[in-house]
Amino acid sequence: MKHKCFFVSLLLLFFLCGCAATKPVNVNLSSISFSADIIYYNECYSCDCNIQSNGNLSVEMTAPENLKGLSVSYSGDTCKVNFNGMVIENANGFLPENSAITVLKDVLEFCNGKECESKNENLILRGNYKGSEYTFSASPSGLPISLEIPEKGIKVTFKNVTVTNQ
């Protein structure tokens with residue numbers, strides 16, 4: 001009798017626990033704002049970012065002190081740089097191809113809307129950016145957590161991520 005109760009209890013436990021179902025989740029990288037801590041080789045930067053619903057990105061540097069106030073905004077493929085009242089329209093040619101902000105913009109554009117399977121764990125996207133492997137992680141809800149591109153020496157940590165109505 002004890003064995004029957006044990007097996008019935010065990011069987012009931014299997015039915016109640018079951019396997020966690022995976023569900024598709026889209027990475028959400030539009031209509032959000034966040035702070036980003038960027039390590040680019042041996043340099044450390046901090047910036048406040050905003051991505052609008054149309055994908056336009058604006059970045060304002062908050063650290064180091066000598067770059068504080070530098071803002072870069074992307075509208076489609078057009079880049080605008082503003083620093084100490086000096087504005088450069090169509091600044092695409094002025095930023096280095098591997099600038100941390102340009103790399104961040106390009107990888108975020110690529111990852112936006114990608115579908116991942118979630119088991120209520122962080123989402124991981126791996127890909128290739130101009131010959132360099134990257135790893136992007138997002139929360140179970142699809143909001144960004146981190147980005148790493150080891151070959152380019154880039155690590156980004158996303159903080160204070162907020163969904164906006166833009």
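The table that follows gives values for the structure above.
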quantity	calculated
Qualifying residue in the stretch 136-153 (condition: open to solvent by 90 Å² or more (accessible area, probe 1.4 Å), of a type outside the set (Asp, Glu), modelled with pLDDT under 95 and more than 15 Å from ILE38 (Cα to Cα))	no
Residues (of a type outside the set (Gly, Ala, Ser), crowded, with 17+ Cβ neighbours inside 10 Å and modelled with pLDDT under 95) located in the stretch 30-44	TYR40
Elements of type strands (runs of 3 or more DSSP E) in the stretch 71-128, at least 3 residues being at pLDDT 90 or above, closer than 17 Å to ILE149 by Cβ and among the hydrophobic types (A, V, I, L, M, F, W, C)	none
Residue count, the stretch 23-50 (criterion: of a type outside the set (Ser, Thr, Tyr), farther than 13 Å from ILE101 by Cα and under 11 Å from the mean Cα position of the chain (by Cα))	5
Given (1) of a type outside the set (Gly, Ala, Ser); (2) free of Cβ contacts under 8 Å to residues at least 40 places away in the same chain; (3) open to solvent by less than 80 Å² (accessible area, probe 1.4 Å); (4) not in a helix (DSSP H, G or I), number of the condition VAL161 does not satisfy	(2)
Total residues in the stretch 123-166, condition among the acidic types (Asp, Glu) and touching a Cys at 6+ places or on another chain (Cβ under 7 Å)	0
Residue in the stretch 119-130 that is over 24 Å from VAL163 (Cβ atoms) and crowded, with 16+ Cβ neighbours inside 10 Å present	yes
Test: residue in the stretch 81-103 that is of a type in the set (S, T, N, Q), within 24 Å of ASN28 (Cβ to Cβ) and in contact (Cβ under 8 Å) with a residue 60 or more places away in the chain	no
Matching residues in the stretch 57-113 - criterion: being open to solvent by 80 Å² or more (accessible area, probe 1.4 Å) and either under 19 Å from the mean Cα position of the chain (by Cα) or among the aliphatic types (A, V, I, L, M) (or both)	GLU60, MET86, GLU109, PHE110
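The values are calculated or read from the model by the stated rules, or taken from the named source; none is laboratory data. Bear in mind the structure is a predicted one, so any value in this text is a computation, not a measurement. Here the Cβ is made from the backbone with ideal geometry for all residues, glycine too, and neighbour counts use every protein chain on show. For the accessible areas, the whole protein counts, side chains as well, though only heavy atoms, and no ligand, DNA or RNA atoms are used. Shrake-Rupley method; radii C 1.70, N 1.55, O 1.52, S 1.80 Å.
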